Amino acid sequence: MTEAAARRTPGTPCWVSLIVHGLTATQEFYGALFGWEFRPGPDQLGPYVRASLDGKEVAGIGQLPPDRHLPIAWTTYLATDDAGGTAEAVRSCGGTVAVGPLDAGEAGRLVIASDPGGAVFGAWQGSEHIGTMTAGVPGTPVWNELVTRETSMVAKFYQTVFGYETEAVVSADFDYQNLHLEGRPVAALHGVGQALPRDRGPHWMTYFEVADVDEAAARVVELGGHVLQPPREGASGRLATVADPEGAAFTVVRSSGQ
């Protein structure tokens, strides 16, 4: 098991969270699928729990107020040293700030924003809580990828706000750019054109490591979720795109290095 570093370079995906209608049922689903255990998170975020594996935090799940009806989706959080500065940069580059900067107790400060294409993401300025504390084992987030219509415009937004260097995959029919920090890829942008799901629009996709993709996809269905894209071979390993019972989409992957 790999324990995450203490400080995250700004722009590094550092946390993923999900806000749902049924907090208890969602805990049961992910607990059964990934083996997560849960403990309470900051009170400032409303009903909220942090998921952990062997005592190491990996993700957060919160509950929507009964009168709120928002799309249910996993949110990728990108590290920042200055939540306020990031919020200003988002606005000045054509994005929108929906929440924050907001203090989450002693844990840190957060911003919820969307890029010019409409994809929602978070920015996290960690204090006591710096983000995901373990990686590389089943049940942990291993990759984050923006699924959007085309990458060229939105790439400039993320480069300016977070300082990424980009590396395009050269292909006539594949619009894909890796986002690099300090010489290594940390996330990616994937342009899918008209194949973008109309019911979701541009969105960040979280990839979770699993020991067996086919088994995990079948387990999702047993637990009340459904399969959006069946198990297949990809550049990074075998993977499948699935959704939990409330419709939050995510990808399960068996990384080729595992």
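Remarks
- Segment 116-237 - charge dipole about Cα centre, Lys and Arg +1 at Cβ, Asp and Glu -1, debye rounded to 20: 380
- Placing +1 on the Cβ of every Lys and Arg and -1 on the Cβ of every Asp and Glu, with nothing else charged, gives segment 1-124 a dipole about its Cα centre of roughly 140 debye.
- Per residue, the chain exposes 46 Å² of accessible surface when a 1.4 Å probe is rolled over the protein heavy atoms with every protein chain present.
- Share of carbon and sulfur in the accessible heavy-atom surface of segment 129-235 [1.4 Å probe, %]: 52
- Using only the C-alpha atoms, the convex hull of segment 20-79 corresponds to 101 Å³ per residue.
- Label selected from (i) 59; (ii) 53; (iii) 64, the criterion being percent of Cα pairs over 22 Å apart as computed here: (ii)
- Gained length - Val97 relative to Val227, 0.36 nm times residue gap less alpha-carbon distance: 43.6 nm
- Label point 7 Å beyond Cα of Glu88 along Cβ direction - residues of segment 149-185 with amide nitrogen under 20 Å: 157-164
- Helices in the chain, meaning DSSP H runs of at least 4 residues, each add -39500 (n - 2.57). Divided by all residues, the mean residue ellipticity at 222 nm is -5000 deg cm²/dmol.
- Residues in segment 136-148 carry Karplus couplings, in order, of x, 10, x, x, 10, x, 10, 7, 9, 9, 7, 9, 9 Hz; the curve used is 6.51 cos²θ - 1.76 cosθ + 1.60 with θ = phi - 60°, and Gly or Pro positions show x.
- For the set Arg39, Arg8, solvent exposure ranked by accessible area (probe 1.4 Å, protein chains only) runs largest to smallest as Arg39, Arg8.
The values are calculated or read from the model by the stated rules, or taken from the named source; none is laboratory data. Everything numeric in this text was worked out from a predicted model, so none of it was measured. Using ideal geometry, Cβ is built from the backbone for each residue, glycine included, and neighbour counts are taken over all protein chains shown. Remember, those area values only see protein heavy atoms, side chains included, never the ligands or the DNA or RNA. Shrake-Rupley method; radii C 1.70, N 1.55, O 1.52, S 1.80 Å.
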